[in-house]
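Working notes, structure below.
The numbers here are math on the coordinates, done by the rules we state, and not lab data. For clarity, every value in this text was computed on a predicted model and none was experimentally measured. FYI the Cβ positions are ideal-geometry reconstructions off the backbone, even for glycines, and counts take in every protein chain you see.
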Amino acid sequence: MVRLELELPNTLHLHCPYMRRQTAKTAGGKWNQSKKTWDFPFDPTVVEVLVGAFPDIELPSDFAEKISKRREDAEITEKLK
């Protein structure tokens, strides 16, 4: 089973079987020894990469809402620059 958790404000924790560790590493993950997860920055583009790399990934039920909010925040930040 592959599962993604969000630790606000900025970290995604990917839980995946040992046999799929190379995919997580190739996707840019950093191994978190204490949590036994692959960690990624919370970014919509990163989520797209992970969903592409792990088609069987389980996302939290409120995840779509949080991704939309992050995209909106990024757009506002870009406009302010």
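Contact annotation: residue pairs with Cβ atoms under 8 Å, 6 or more positions apart or on different chains, pairing a residue in the range 6-31 that is closer than 20 Å to P60 by Cα with a partner that is part of a strand (DSSP E or B) and of a type in the set (S, T, Y), are H13/T37; L14/T37; H15/T37. Checking each residue in the range 70-81 for being surrounded by fewer than 11 Cβ atoms within 10 Å (Cβ to Cβ), assigned to a helix (DSSP H, G or I) and of a type outside the set (D, E) picks out I76, T77, K79, L80. The range 1-66 holds strands (runs of 3 or more DSSP E) entirely within its bounds, and those carrying 2 or more residues that are within 11 Å of the chain's Cα centre (by Cα) and surrounded by 15 or more Cβ atoms within 10 Å (Cβ to Cβ) map to 2-7, 11-15, 37-41.
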